[in-house]
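Read the structure below first, then the notes.
The values are calculated or read from the model by the stated rules, or taken from the named source; none is laboratory data. Small disclaimer: the values here were computed from a predicted structure and weren't measured. For neighbour counting, all protein chains shown are included, and Cβ atoms are generated from backbone atoms with ideal geometry for every residue, glycine included.
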Amino acid sequence: MAHTDLVITPVSGKADKKAFIDLPWRLYAKDPNWVPPLKAEVKELLTPGKNPFFGHAKAQYFLARRSGRVVGRVSAHIDELALGQPVEQGMGPGTGNFGLFEAEDAAVGDALIAAAGIFSVFPRISIPQAGDLNKGTPRQMVARTELWLESQRPALPAPAVALVDDLGVKLDLLGQQLETAPASHDSIRDIRELVGETLPEMVQSYTRVPAAMRKEEHAGATADERLVEGLAKISGEIDSINRKIADGALDDLAVQHRYLGYRYGDGPAATEGSSEKAPR
């Protein structure tokens, strides 16, 4: 069987992370011996700031897709504590680990192990600088901002982290829509300003406030409150932009539907209700 359509990609964004978590539920659905964990616990396991492991380690998650369908996953880890252990104990410089490994077949498994191995050799994930977020195409800008925003999570208060999760979902959707939206769409300028400038500037302003002062009231509100309120407004505006972009496709679909009704009638019911007979 050919496997040329097999693609391995790093997990990027909330949709990928959800697919990474959900995969075992599909692969092992008919296995009576499989005991599923709680999805909330798995999510915490994978999230820096909630799992102490990330205090001394970094990880990259990978998904395998065949014809767009998720068929495998793996997590590759670099543990700084392990790098400092004696080589005789199987640790030391160059040591990498992998886990959360699931694959539909051997070809998928081999490709995932290769990806984990490459990460072990080149473990550093490049986080874009805030000043570079607004460069490139709108789609690239959204992807960079989402990666950058994810890296800011440890510095944010819990209510803001929840909003970052929500923003991640909306940025994923925005990125998907930008793949097919015309470059001249009215919302492109708004997207650049909101996602590439306003969002990172707000987070940076917050992180510049000393941690001990973020809960102190200043000019009527705390830094935490202002950040949460600002992120909520940005999230709502991104949702509005998503809907505005989708309106074009929805309008096109409505026009096509009306054309079909005009050209071919209102469907099978109209044909069945006709008393005319076809000529012989």
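Here is how the numbers come out for the structure above:
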{"read-out": "Complete set of residues in the range 52-66 that are closer than 28 Å to Glu104 by Cα and without any contact (Cβ under 8 Å) to a residue 24 or more places away in the chain", "value": "Ala59"}
{"read-out": "Matching residues, the range 192-227, being within 21 Å of the chain's Cα centre (by Cα) and β-branched (Val, Ile, Thr)", "value": "Val195, Thr198, Val203"}
{"read-out": "Cross-chain or 6+ apart pairs with Cβ under 7 Å, the range 103-114 first and without any contact (Cβ under 8 Å) to a residue 60 or more places away in the chain and of a type in the set (Gly, Ala, Ser), then part of a helix (DSSP H, G or I) and buried (at least 19 other Cβ atoms within 10 Å of the Cβ)", "value": "Ala103/Leu112"}
{"read-out": "Filter result for Val164 (at pLDDT 85 or above, closer than 18 Å to Gly49 by Cα and surrounded by 13 or more Cβ atoms within 10 Å (Cβ to Cβ))", "value": "yes"}
{"read-out": "Residues satisfying the stated conditions in the range 27-52, i.e. assigned to a helix (DSSP H, G or I) and either surrounded by 14 or more Cβ atoms within 10 Å (Cβ to Cβ) or within 19 Å of the chain's Cα centre (by Cα) (or both)", "value": "Leu27, Lys39, Ala40, Glu41, Val42, Lys43, Glu44, Leu45"}
{"read-out": "Set Ile127, Ile78: member being part of a loop (DSSP other than H, G, I, E, B), aliphatic (A, V, I, L, M) and under 23 Å from Glu150 (Cβ atoms)", "value": "Ile127"}
{"read-out": "Any hit, the range 111-126, residues being within 30 Å of Arg243 (Cα to Cα) and of a type outside the set (A, V, I, L, M, F, W, C)", "value": "no"}
{"read-out": "Glu216 vs. criteria charged (D, E, K, R) and under 18 Å from Pro159 (Cβ atoms)", "value": "yes"}
{"read-out": "Any chance Glu88 is among the acidic types (Asp, Glu), at pLDDT 90 or above and farther than 30 Å from Lys170 by Cβ", "value": "no"}
{"read-out": "Looking only at the range 113-124, and only at residues there that are in a loop (DSSP other than H, G, I, E, B) and surrounded by fewer than 13 Cβ atoms within 10 Å (Cβ to Cβ), the one that is modelled with the highest pLDDT", "value": "Phe122"}
{"read-out": "Matching entry among Pro128, Pro154 (being modelled with pLDDT under 85, touching a Phe, Trp or Tyr at 6+ places or on another chain (Cβ under 8 Å) and under 21 Å from Glu201 (Cβ atoms))", "value": "Pro128"}
{"read-out": "Matching residues, the range 15-26, being of a type in the set (Lys, Arg) and exposed (fewer than 15 other Cβ atoms within 10 Å of the Cβ)", "value": "Arg26"}
{"read-out": "Filter pass, Asp110 being closer than 25 Å to Ser67 by Cα and either assigned to a helix (DSSP H, G or I) or outside the structural domain of Pro10 (by TED's automatic domain parsing) (or both)", "value": "yes"}
{"read-out": "Unmet criterion (only one of (1) under 14 Å from the mean Cα position of the chain (by Cα); (2) of a type in the set (Ser, Thr, Tyr); (3) modelled with pLDDT of 85 or more) for Thr137", "value": "(1)"}
{"read-out": "Residues of the range 23-42 classified as touching a residue at least 24 places away in the same chain (Cβ under 8 Å) and either out of contact with any strand residue (DSSP E or B) (no Cβ under 9 Å at 6 or more places or on another chain) or closer than 19 Å to Ala76 by Cα (or both), total", "value": "2"}
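Residue-by-condition table, conditions (1) assigned by TED's automatic domain parsing to the domain that holds Glu201; (2) loosely packed, with under 14 Cβ neighbours inside 10 Å; (3) over 28 Å from the mean Cα position of the chain (by Cα); (4) modelled with pLDDT under 90:
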| residue | (1), (2), (3), (4) |
| --- | --- |
| Glu237 | yes, no, no, no |
| Asp247 | yes, yes, no, yes |
| Leu250 | yes, yes, no, yes |
| Tyr259 | yes, yes, yes, yes |
| Gly273 | no, yes, yes, yes |
| Lys277 | no, yes, yes, yes |
